[in-house]
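Shown next, in structure tokens, is the structure this report addresses.
Each reported figure results from applying straightforward, stated rules to the coordinates on display, with no laboratory input. Computed from a predicted structure; not experimentally measured. We place every Cβ from the backbone using ideal geometry, glycine too, and count neighbours over all the protein chains shown.
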């Protein structure tokens with residue numbers, strides 16, 4: 001699991017791992033989320049990534065190999081890439097807990 005994707009439930013991670021596709025991603029309301037699972041086919045491509053580019057380019061170049069799994073957990077859409085993302089997530093968490 002990526003350090004910038006903190007709200008993925010274990011059940012969704014298990015579904016992604018068990019899917020057996022070359023690339024697998026959960027989706028909710030038609031939006032693709034995290035985590036995205038990759039088969040060993042993409043090992044070298046993934047290791048070649050640098051910085052905070054992420055694997056989006058690999059998914060986009062291989063969309064014909066992508067299997068999406070519908071789920072109802074909005075947590076799959078959480079992705080923290082910037083300090084602003086982290087701040088926004090903290091505000092949302094406080095609001096949900098009533099401590100906002």
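For the range 8-40, a residue qualifies if it is exposed (fewer than 14 other Cβ atoms within 10 Å of the Cβ), under 16 Å from residue 62 (Cα atoms) and touching a helix residue (DSSP H, G or I) at 6+ places or on another chain (Cβ under 8 Å), but none of them does. Could you list, ordered by first residue, the pairs with Cβ atoms under 8 Å in which the first is in the range 29-41 and on the phi > 0 side of the Ramachandran plot and free of Cβ contacts under 8 Å to residues at least 40 places away in the same chain and the second is surrounded by 17 or more Cβ atoms within 10 Å (Cβ to Cβ) and in a loop (DSSP other than H, G, I, E, B), at least 6 apart or interchain? Note: no pairs meet the criteria.
Considering only residues that are over 15 Å from the mean Cα position of the chain (by Cα) and in a helix (DSSP H, G or I), look in the range 41-62 and name the one that is surrounded by the most Cβ atoms within 10 Å (Cβ to Cβ). Residue satisfying both the conditions and the ranking: 42. Kindly indicate the residue of the range 63-85 that is under 13 Å from the mean Cα position of the chain (by Cα) and assigned to a helix (DSSP H, G or I) and also surrounded by the most Cβ atoms within 10 Å (Cβ to Cβ) among those meeting that condition. For the range 63-85, the residue satisfying everything is 76.
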